[in-house]
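This is the structure I have questions about; it appears just below.
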Amino acid sequence: MNTMEILEKIKRIESPLKRQFLMVALITNLLEQRGKSAPIVIGGCALSYYTREVYFTADIDLAYPDREALDIVLKEIGYRKQGRYWVNDDLNMAIEVPASTLPGEESPVEVVEVADNLYCRIIGIEDLIIDRLNACKYWKSEVDCEMLELITKRYARELDWVYLGKKAGLSENNTGEELAGLKKKAEQ
C-alpha cells in the first residue's frame, strides 16, 4: 500500500486504536524510508493497547528524538502544528511528542504488526506501568490507578516483576511501596 491508500484506509477504520496504530505504522514506514528509526508509542495510546481498548485516548503520544525528521513526515501526510500537538483535520487525529526517548537504555519495547510490512513500536508494559504508577501517585490520577489494577491483574504472570521493582525503586520514581501493593492485588 502506498501512503494515500493507507490514509484512505485509516478513514474507514472504526476502532480508534486501530486507526492510531495504522497512522503510527505509516509514520514509521516513512521515517524508515529516510533511514530514520521508528518512533515509540507511549502514554494513553499505549495504555489503550494494553487494556484492549478499555481505556481510550483521542491523541497519539510518541517518543522520538529526531523532531525535524518527524515534523517533515507529519507535514507530508497532512498534519499541521497547533500548540504542542500535530493535528490532521481530515482524519480527526492528533499527535503529541512529549518525549525524545524512553528512560533507560534497557527499556523494552513491543513490536506490533499492523498490516503487511507495516508495524509500530510500543513502550514495554513494565515501563508503561511505572509511568502510570507515577501518574497515580504524584498526579493523583484516579483513572491511571484503575487502569494499573486492570493491567497488572491481566498480565501478572507475564510481567517482569524484578525489572518493575528495580525501576520503581529509582529515586525519580520512588514507587516501590505502591508497586508492592499492586503486585499483592494482582496475585489475589
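For region 17-31, just list the computed ³J(HN,Hα) in residue order, Karplus coefficients 6.51, -1.76 and 1.60, θ = phi - 60°, integers in Hz, with x standing in for Gly and Pro.
5, 5, 4, 5, 5, 5, 5, 5, 5, 5, 4, 4, 4, 5, 5
According to the Kirkwood expression over distinct Cα-Cα pairs, how big is the hydrodynamic radius of the chain, in Å?
Values: mean 1/r = 0.0580 Å⁻¹.
Computed over the chain, the radius equals 17.2 Å.
Ranked highest first by average number of other Cβ atoms within 10 Å, how do 167-176, 7-16 line up? Write down the numbers at each step before the final one.
Details: 167-176: 15.8, 7-16: 12.9.
Descending packing order for the listed peptides: 167-176, 7-16.
Quick one: Karplus J couplings for region 34-50, per residue in order, coefficients 6.51, -1.76, 1.60, θ = phi - 60°, nearest Hz, x for Gly and Pro?
Per residue, the Karplus-derived 3J(HN,Hα) values read 9, x, 9, 7, 7, x, 10, 6, 10, x, x, 5, 5, 4, 4, 4, 6 Hz.
Something else: So who's got an amide H within less than 5 Å of the one on residue 93, skipping anything under 5 residues away but keeping other chains? H placed 1.01 Å off N, in plane.
88
Once phi is turned into θ = phi - 60°, what whole-Hz ³J(HN,Hα) does the Karplus curve with 6.51, -1.76 and 1.60 give for every residue of region 76-90, x standing for Gly and Pro?
Listing the rounded values in order: 4, 9, x, 8, 10, 6, 9, x, 8, 9, 9, 10, 10, 5, 4 Hz.
For the pairs 11/36; 36/75; 36/167; 140/167, note any where the Cα-Cα span goes beyond 18 Å.
11/36; 36/167; 140/167
Could you list which residues have their amide H under 5 Å from that of residue 114, counting only those 5 or more apart in sequence or on another chain, with H placed in the peptide plane?
Here 119, 120 satisfy the definition.
If Lys and Arg each add +1 and Asp and Glu each add -1, what is the summed charge of the other residues whose beta carbon sits under 12 Å from the beta carbon of residue 177? Could you put the intermediate results ahead of the total?
Values: positive: 137, 183, 184; negative: 178.
Spelling it out: positives minus negatives among the neighbours equals +2.
Using the Kirkwood radius over Cα pairs, work out the Stokes-Einstein diffusion coefficient for region 2-101 at 4 °C and 1.567 mPa s, in µm²/s as a whole number.
Numbers: Rh = 13.5 Å.
Reported coefficient: 96 µm²/s.
None of the figures in this text is laboratory data; all of them are computed from the coordinates on show. This is a predicted model, so every value here is computed, not measured. Because the Cβ atoms are built from the backbone with ideal geometry, glycine has one as well, and the counts that use them run over all protein chains shown.
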